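Report on the following structure.
The values are calculated or read from the model by the stated rules, or taken from the named source; none is laboratory data. Given the structure is predicted, the values throughout are model-derived calculations rather than measurements. Here the Cβ is made from the backbone with ideal geometry for all residues, glycine too, and neighbour counts use every protein chain on show. Note: accessible area is taken over every heavy atom of the protein model, side chains too, but ligands, DNA and RNA are not part of it. Shrake-Rupley method; radii C 1.70, N 1.55, O 1.52, S 1.80 Å.
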Amino acid sequence: MKRLLFAAIFSIWLAGSIYAAELPNIVILYADDMGFGDLGANNPDSKIPTPNLDRLAQEGLRLTDGHSSSGICTPSRYALLTGRYHWRKFHGIVQAFGSPVIDQDELTLAEILKAKGYKTACIGKWHLGWNWDEILRPDANVKSNRGNRVIQPEAFDWSKPISGGPTSHGFDEYFGDDVPNFPPYAWFKNDRVVDQPSVMLTETPKTPEGSWSARPGPAVKDWDFWAVVPRLAEEAVDWIAHQKGKQEPFFLYVPFNSPHSPIVPTKEFVGSSQAGPFGDFVHMTDAMAGKILSALQENGLEDNTLVIFTADNGAEHYAYERVKNFNHWSSAPFRGVKRDLYEGGHHVPFVVKWPGKIKPGSTSDALISQVDLMGTIAAIVDYQLPEDTAHDSYNQLPVWLSNEASPRETIVHNTAAKAYAIRDGDWLLVDARSGSHNRIPKWFDEERGYKEDDLPGELYDLKNDPAEKKNLYGSKPELVQQLKQKLKSIQARGQVR
């Protein structure tokens, strides 16, 4: 009887082990403020070395029509992890000491993978909010500065845990600095800070490019901004090494805080690109991604790991000056930068590698959004998404495996609350006076052939005009109205996956 029981238990264990072995490990590498044209695999004229990510593209699938949900970071991160357009709930970023944008009952990508037996970890920039009031002392003096809460270090009880972060939403482990340019300037381990912030960061030295953009607030004494990106890569490499030989598959989400400002390439990367300090920082980000990819190989995990690389939005508006100074256009071949409804705001690098499943060196022009990662990965692990979750997420697995047509025909683009655009097939309707949320240098528009008009919106044929130079809004009124109606319909009912 005991032998029969043992045999039954062994059979169940063996079946579970085989099933676990069939599930791929999943790694998402998520760059911060990186343009489509910054990646060498996308842009032969790029002045920035990206050898590791270029090799990833050579070994996998390069998606040339991939998009983030927003032109800024918090909304895109929310959409990636929930499979839901951010604008159904909010538009802006989580400000300093802001509350969570993911509700406790919202299903996340980490939670569905955890339910399928995955070990889950987030290492990097969270920027989706925490319940800071849980550790705020009752007598704390809280001031407000343009939506950011300015609070002294002693106002918090740093010994307490803080909910609302990654470990509240399906991640077993978290390590990171939350937001690189927001307080507190400290390392987080799971649900609390590692070292107690004891000083106020109020002034910062001049960065080699762009503004520092660091908000005032509590910091660990002698906090080193230059050490952040290398430390994140080191933690990811160590975490991967600890997964070697384990039965359970893993999900590692690595949201880099680079090349977002402050632009702080370390000494070994200074001058390593031909696109200035930003280019050096992109090169450094590529090198850190390379270390993580090498760790998969060195620990014998590469063959059964799905790797996804993409970015939360396009490059910051400093990109315009790089054209003048270095002849490098981060958004090439598109128009616009971070925050914009134009392609450069959200048309981002998108590479997928899955050995033995995805054909190496392949390219697809299928329309895909980062909100589709939830539906696609759910299909990979055979997870049935409940109704009223992942509202906007399509299963793109046939695109990845067989280069089939995308199931997605439309994407709704949005950054600001009152400005939307809709992509439908090859057409893009900007349902606003302009697709730009930035001040565009006059010399840039003149050099690139962009002209002002008095039309209330913009319409472009992206197949024949990817740089969005010829506004057809006035010449195709029927198409404009059709797209406006489709936009309203999607906003009202939600897309059905």
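Across the options Ala155, Asn145, Phe90, the greatest Cα extent toward the positive end of the charge dipole of segment 65-160 (unit charges at beta carbon of Lys, Arg, Asp, Glu) belongs to Phe90. Tell me which chymotrypsin sites (Phe, Trp or Tyr not before Pro) from segment 42-90 have a DSSP coil assignment and no more than 16 other beta carbons within 10 Å of their own. Hits after loop and neighbour filter: Phe90.
Extending 7 Å from Cα along the Cβ direction at Lys470 and again at Thr266 yields two label points whose distance is 4.9 nm. In summary, the helical segments of the chain meeting the span-like criteria, namely a full DSSP H run, a Cα extent along the axis of 15 angstrom or more and a mean Kyte-Doolittle hydropathy of at least 1.0, are 2-22. Counting only protein heavy atoms and a probe of 1.4 Å, the accessible surface of the chain is 50% carbon and sulfur. Each residue, Asp195 and Asp139, gets one label point 7 Å from its Cα in the Cβ direction; the gap between the two is 2.9 nm. Which of Trp443, Thr50, Ser489 sits farthest toward the positive end of the charge dipole of the chain, with +1 on the Cβ of Lys and Arg and -1 on the Cβ of Asp and Glu? Of Trp443, Thr50, Ser489, it is Ser489.
Do any chymotrypsin sites (Phe, Trp or Tyr not before Pro) in segment 428-458 lie in a DSSP loop with no more than 16 other beta carbon atoms within 10 Å, and if so, which? Please list the in-between numbers first.
On the way: sites: Trp443, Phe444, Tyr450; in loops: Tyr450.
Here the sparse-neighbourhood loop sites are Tyr450.
Dividing the summed helix terms, -39500 (n - 2.57) for each DSSP H run of n ≥ 4, by the number of residues in the chain produces a 222 nm estimate of -8000 deg cm²/dmol to the nearest 500. About the centre of its Cα atoms, segment 140-298 shows a dipole size close to 440 debye [charges on the beta carbon of Lys, Arg (+1) and Asp, Glu (-1) only; nearest 20 debye].
Fully extending the segment from Ser163 to Asp224, taken as 0.36 nm per residue of separation minus the present Cα-Cα distance, adds 19.4 nm.
How many percent of DSSP beta bridges within the chain run antiparallel, rounded to 5? Present the calculation step by step, with values, prior to reporting the outcome.
On the way: 33 of 59 bridges.
Approximately 55 percent, going by the DSSP bridge assignments.
Projected onto the charge dipole of the chain (+1 at Lys/Arg Cβ, -1 at Asp/Glu Cβ, origin at the Cα centre), which of Asn190, Ala390, Ile308 gives the Cα projection farthest towards the positive end? Positive-most Cα among the choices belongs to Ala390.
Taking every protein chain into account, the 1.4 Å probe leaves Asp222 with about 130 Å² of accessible area, to the nearest ten.
Using mean Cβ contacts within 10 Å as the protection proxy, how do 123-133, 180-190, 480-490 order, highest first? Display every interim value, and only then the final one.
Details: 123-133: 22.5, 180-190: 20.5, 480-490: 15.5.
The densest-packed peptide leads the list: 123-133, 180-190, 480-490.
Model label sites at Lys463 and His91, defined 7 Å from Cα along the beta-carbon direction, differ in position by 3.2 nm.
Remark: the chain carries 41 Å² of accessible area per residue (probe radius 1.4 Å; ligands, DNA and RNA excluded). Once the chain from Arg231 to Glu452 is taken as fully extended at 0.36 nm per residue, the excess over their C-alpha distance is 75.0 nm.
Subtract the Cα-Cα distance of Arg146 and Ala417 from 0.36 nm times their separation in residues, and report this length gain in nm to one decimal. Mind showing how you got there, number by number?
Numbers: separation 271, 0.36 × 271 = 97.56 nm, distance 1.72 nm.
Going from the current span to full extension adds 95.8 nm.
The charge dipole of the chain, taken about the Cα centre with unit charges on the Cβ atoms of Lys, Arg (+1) and Asp, Glu (-1), comes to about 400 debye, rounded to the nearest 20.
Keeping all protein chains in place and using 1.4 angstrom, which order do His169, His283, His317 fall into by accessible surface area, from largest down? Could you put the intermediate results ahead of the total?
On the way: His169 5, His283 35, His317 80 Å².
Most to least solvent-accessible, the answer reads His317, His283, His169.
Comparing the chain with the 2.2 N^0.38 Å rule of thumb, its C-alpha radius of gyration ratio is 0.97 (two decimals). Quick check for you: which residues of segment 99-123 have the amide N under 18 Å from the point 7 Å beyond the Cα of Gln247 toward its beta carbon? Flagged as within label range: 114-120.
Highest first, please rank the peptides 193-206, 145-158, 46-59 by the mean number of other Cβ atoms sitting within 10 Å of their residues. List each step's numbers first, then the result.
Values: 193-206: 13.9, 145-158: 16.1, 46-59: 20.9.
Per-residue mean Cβ counts within 10 Å order the peptides as 46-59, 145-158, 193-206.
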